[in-house]
Structure formats: structure tokens, C-alpha cells
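Participant: Next up is a structure, given as C-alpha cells.
The values are calculated or read from the model by the stated rules, or taken from the named source; none is laboratory data. Since the model is a prediction, treat every value here as computed from it, not as a measurement. Reconstructed Cβ throughout: ideal geometry from the backbone, glycine too, with neighbour counts over all protein chains shown.
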Amino acid sequence: MTQQGLTNRCLTNKESSGETLRGATIETVWRRRSDHAYRAIGAPRTPPPLVLGPREQAILEAVYAHRYLTRNQIVRLLFNPRSATWVDEKLKRLYHNGYLERLFLPVAPGSGSPPAVYCLDRKGRDLLAELRGLNKTEVFWRKTVDTARDLPFLAHTLAINGFRITLSLACQQQGFALSWLDERTLKSSAYKAEVVDADGQTLVIVPDGYGRLRRASSQACFFLELNNGSQEKKAFRRKVRGHLLFAHGPYQERYRSQSLTALLVSNQGEMRLREMRAFTREELLASGEEADWELFLLANLAEHAPENILTQPIWRTVGEERRCALWEG
């Protein structure tokens, strides 16, 4: 069989059980395993019994709100860290009964079973619509990604959700209220914006997330731009330029707030973070907007924890070599 044939063929029963064949390509490992044919392989003809109690509903709500979550992310967000095995059983029952979809991230041969990623399935969508008194079409849902070409999008989404979960836990622990708009919402006509730079180039403003923190009478708002290292200098500087232009006037009108920080977060380590800081400095100097250096803060995703993400000095400034807290009120 040719390499292309191996890539395009369907999963064997062995692969479907979670084992990775030696020599299999990423495309092979990445194939969706949650269709009806897979559910019939190695699964009981009758799905295991499922009681849709508050915990199951909380899982469905969390998966819907974040679109894609791993088991570990669900545990972090909703449950005690020692309950992972118990949560696994809940997820399996929700999956086999058609409330959740399941797909698997690729792993290198010999690295063990691929981690599962969960998203909403049709019955889960229908239940959430019923609980909210909505028509089914009013609850956003669509089939999952299908091929290895979508892997960068999924990895990026999971990284964004990791940041969001850490922030949510920090807010719970420290008495903050958090409201969040995800990228899908920010692409809607209510929020999507365009600005034109000095060269007449139109720049579209769609960040990875928008958060609003509140405690007592104070608030802080921010855009999230999570970088996975795929953007070259030119594209990264264009994004910085767009945020600079949007921050002066259009932002205040659209979001009805004077508070704004653009959080530039690296998911590729310290070296990439230094590049991001250098690119941002170059754009600020070229545009003559040194006064806006405080608009941007940078950090490493790996450094984030609920204990430090808000009030500890882990965020790097663009101008001076110093660190500050996201919330300094």
C-alpha cells in the first residue's frame, strides 16, 4: 500500500480501540473516531445507562461554552483533581449515548493512547436547547473537524481554552467577576471591525477572545491574542498595528469601555515571546505611537496559574524590561 493510501484509508479496528499503529502518519491517527461505525466497534449494542443529573448538564454546558475541551480541562474547570477516573466514566457515557462527540489528538508512535477531545453532539445540542427554552437551531452546533488539516485550529482553540480556564479559576478564587466573548462571537457583525492604516490597507480586528474583569466598582478589559508561532514578523506587526488603530475611537464606541489591554500570549516558549516583544516594539516605533506601549502586555502561557495570572507580576511590558500584574487595582 502506498503512503497516500495509508493516509487516506479508514481506521482499522485496532486503531479505533485507541492504539496507534507504528509508522502510521499523523493523518491516520487524527481521523475522527466518533462516527456511528466507530461507536459500534468494541461498544455494547445498548449504550451504557446514563442519568442526566446536574454534573452531566454542567459538563455539557462547559463543552458548549468552550466548543472543544479535553478531559483534563473539564476536570480543572468543574471537578476535584482526584476525580479524573470518575469524570472519564461520565464522559464515556455521554459519548456513547450521543450527547458528546469525541475525537483524538495525534501522538507519536510509542507515546501511548491519544488524548480525547470532546465537543457537543446532536443530542447534547437538543438538551441544551430544551433546558434554555430555545429552538434547536438557536444553539450553535456543527459537526466536528475531520482531517489533520484542522489540527492547528484545534490545538489553538484548546490553548485559548487553557488560558480561559486558568483565568476563570483565578476569578473564582479571588472574588472577580469575568465575562468572556469567544472568537466565534467576535467574528459576528456586532463585534467584527475593520480599520484602515496609513497605507490604505484594511485590517480586520478579530482577536482570540475578549474579557472583562470586575471587582467592586473597578473593571479591566482586554483582548487576547494567543500566538502559536505560525505568524511571521510582517503578519504579527500588522496585527499590532490593527490593535493600535482600533484602540483609539472605534473600540470605545463598539465595546462601550475606556479600559483596554491587548494581551499577547506565547504558546511556544520564551524565545517566541522575545520575538513577539521585539516585533511589537518595532511596530510602535515605526508608527510613532510610543505613548501606547502600555496598551500591550506579554506573557508565556506555560507560566500561567490561577494564583498568578491576575495579581502577580508575570506580565512583560513592551517598553522597559519589567514585569507587572494584569490587575493592579
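Participant: Could you tell me which numbered condition PRO207 fails, if it satisfies all but one of (1) within 25 Å of HIS66 (Cα to Cα); (2) without any contact (Cβ under 8 Å) to a residue 60 or more places away in the chain; (3) surrounded by fewer than 19 Cβ atoms within 10 Å (Cβ to Cβ)?
Facilitator: Result: PRO207 fails condition (3) only.
For (1) under 28 Å from LEU151 (Cα atoms); (2) among the hydrophobic types (A, V, I, L, M, F, W, C), each residue gets a yes or a no:
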residue	(1), (2)
LYS233	yes, no
HIS243	yes, no
HIS248	no, no
GLN252	no, no
SER259	no, no
LEU263	yes, yes
GLN268	yes, no
ARG272	yes, no
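Participant: Filter region 275-315 down to the residues that are outside any helix (DSSP H, G or I), under 24 Å from LYS234 (Cβ atoms) and modelled with pLDDT of 95 or more and list them by number.
Facilitator: Answer for region 275-315, where residues must be outside any helix (DSSP H, G or I), under 24 Å from LYS234 (Cβ atoms) and modelled with pLDDT of 95 or more: PHE296, LEU297, LEU298, ALA299, ASN300.
Participant: How many residues, within region 204-225, are part of a strand (DSSP E or B) and out of contact with any Gly (no Cβ under 8 Å at 6 or more places or on another chain)?
Facilitator: Number of matching residues: 8.
Participant: Something else about it: Here is a list of conditions, (1) closer than 28 Å to PHE176 by Cβ; (2) not in a loop (DSSP other than H, G, I, E, B), and ARG272 meets all of them except one; can you say which number that is?
Facilitator: Going through the list (1) closer than 28 Å to PHE176 by Cβ; (2) not in a loop (DSSP other than H, G, I, E, B), ARG272 breaks only (1).
Participant: Would you confirm whether or not region 147-166 contains a residue that is loosely packed, with under 12 Cβ neighbours inside 10 Å, aromatic (Phe, Trp, Tyr) and within 24 Å of VAL117 (Cα to Cα)?
Facilitator: Yes, region 147-166 has at least one match.
Participant: Could you tell me how many of the residues in region 245-269 are on the phi > 0 side of the Ramachandran plot and assigned to a helix (DSSP H, G or I)?
Facilitator: So the count comes out to 1.
Participant: Give me a count of the residues in region 111-137 that are more than 22 Å from the chain's Cα centre (by Cα) and not hydrophobic (A, V, I, L, M, F, W, C).
Facilitator: Here the count works out to 11.
Participant: Another question, then. Within region 61-73, is even one residue aliphatic (A, V, I, L, M), surrounded by 14 or more Cβ atoms within 10 Å (Cβ to Cβ) and farther than 23 Å from ASP208 by Cα?
Facilitator: No, the conditions are met nowhere in region 61-73.
Participant: Out of everything in region 73-85 that is modelled with pLDDT under 95 and not hydroxyl-bearing (Ser, Thr, Tyr), what residue ends up being nearest to LEU120 (Cα to Cα)?
Facilitator: Here the answer is ALA84.
Participant: Identify, from the list ARG274, ARG254, ARG323, the residue that is in contact (Cβ under 8 Å) with a residue 40 or more places away in the chain and surrounded by fewer than 17 Cβ atoms within 10 Å (Cβ to Cβ).
Facilitator: Only one candidate passes the filter, namely ARG254.
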